[in-house]
1. Against the globular-protein guess of 2.2 N^0.38 Å, express the Cα radius of gyration of segment 10-80 as a ratio, rounded to two decimals.
2. Rounded to the nearest whole Å², what accessible area per residue is found for the chain with the 1.4 Å probe?
3. What translational diffusion coefficient, in µm²/s and rounded to a whole number, does the Stokes-Einstein relation yield for segment 104-176 at 20 °C and a viscosity of 1.002 mPa s, taking the hydrodynamic radius as the Kirkwood radius over Cα pairs?
4. Across segment 93-215, how large is the tail of the calculated P(r) beyond 16 Å, expressed as a percent of all Cα pairs?
5. What percentages make up the Cα-Cα pair-distance distribution of segment 1-157 when the bins are 10 Å wide from 0?
6. What share of the DSSP beta bridges in segment 1-62 is antiparallel, in percent to the nearest 5?
7. Express the carbon and sulfur contribution to the solvent-accessible surface of the chain as a percent, rounded to the nearest whole number, probe 1.4 angstrom.
8. Over segment 144-215, consider all pairs of different Cα atoms and compute the Kirkwood hydrodynamic radius from their mean reciprocal separation; express it in Å, one decimal.
Amino acid sequence: MAARKLYGSVESTTTMRALASLFEHELKFEFVRVDLNAGDHKKEPFLTLSPFGTVPVFQDGDLILFESTTIMRCISHVYTNPRTEQVYVDPKMQGIAATWIDVEDHHFNPPASKLISELVFKPKNGLPTDEATVAVEEAKLAKVLDVYEERLANSEYLGGDKFTSADLTHLPNLYYLMRTPAKRLFDERPKVRAWCAAIMSRPAWAKVVEMVMEK
Ligand SMILES: N[C@@H](CCC(=O)N[C@@H](CS)C(=O)NCC(=O)O)C(=O)O
C-alpha cells in the first residue's frame, strides 16, 4: 500500500489540480476514488481526512492536507527537485507567483466555474443553460483575460519566466472551458491563446486528461 495517496473524483476540477501537480513532480501515489454521487465524501472515514467533506485530500504518511491549492503549493515546495521545480527560491519572485495563484482563486475561478456549471454540467444533467448568467459571467471573464493578456505580454508565464503552480492552477477550468463557446474569449487574445496552448500541452496534464477520459 502506497504511503502517498490522493483521494478524489477525477471529474472534479479541484482533484484535477492536485493530480496535475503530482504528475508534474513525477511522484508515485495511489489514487483513491471517492464516490461523490454516493455521498461518500460526507461520511466517515472520509470526514476524518476532510472535515468539510470536500475532495481532494492528499496524504503522505502523517501529512494530511485538504484544499486543492494548498496541496498544489505544498507539493511544489516539499517535493521539488531541479528538474521539476515549479517554485522560485527568491522570496520576491515567490510573492509574484503566489499573487497569480490567488488571482486564479479570486478573479478567474468565480466566472469560470459559473460558466462551466452553465455550459458543461447543466447540459450534461439535462438541465437548461441560463443564457443571461452566461452573458454576465463571460463579460466578467473577458475583463480578467484582458489583465492576463497584458501580463503575458511582459512575462512568458503568469508567475514569471517559467511554468509554476500559478499556471498549473488554471488547467482544470481551462480543460472544461475549452469545450464551450467561451473558448473564443481565450482565442481572441493572442498571448492568452499561446499560454493556454503551452500549458495544456504539458505531458503531466495529458496524464490527467487521460484519467478523466477513462473515468
Ligand atoms: N476550496 C476547496 C473546494 C473543494 C470542493 O468544493 N470540491 C468539490 C469538488 S470540485 C467537492 O468536494 N464537492 C462536494 C461537496 O462540496 O459536497 C478546494 O480547492 O479543495
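1. On the way: Rg = 11.8 Å, N = 71, 2.2 N^0.38 = 11.1 Å.
The reported ratio for this selection is 1.06.
2. Computed with neighbouring chains in place, this is 49 Å² per residue.
3. Working: Rh = 13.3 Å.
Here the translational diffusion coefficient equals 161 µm²/s.
4. Values: 4635 of 7503 pairs.
Within segment 93-215, distances greater than 16 Å cover 62 percent of Cα pairs.
5. 9, 30, 34, 22, 5
6. On the way: 4 of 8 bridges.
Here the antiparallel bridges make up roughly 50 percent for segment 1-62.
7. Values: 5940 of 10610 Å².
About 56 percent, which is the carbon plus sulfur part of the accessible surface.
8. Details: mean 1/r = 0.0789 Å⁻¹.
Taking the inverse mean of 1/r over all distinct Cα pairs, segment 144-215 comes out at 12.7 Å.
The values are calculated or read from the model by the stated rules, or taken from the named source; none is laboratory data. Note that the coordinates shown come from a computational prediction; the quantities given were computed from them, not determined experimentally. Each accessible area value is taken on the protein alone, full model and side chains, heavy atoms only, with ligands, DNA and RNA left out. Shrake-Rupley method; radii C 1.70, N 1.55, O 1.52, S 1.80 Å.
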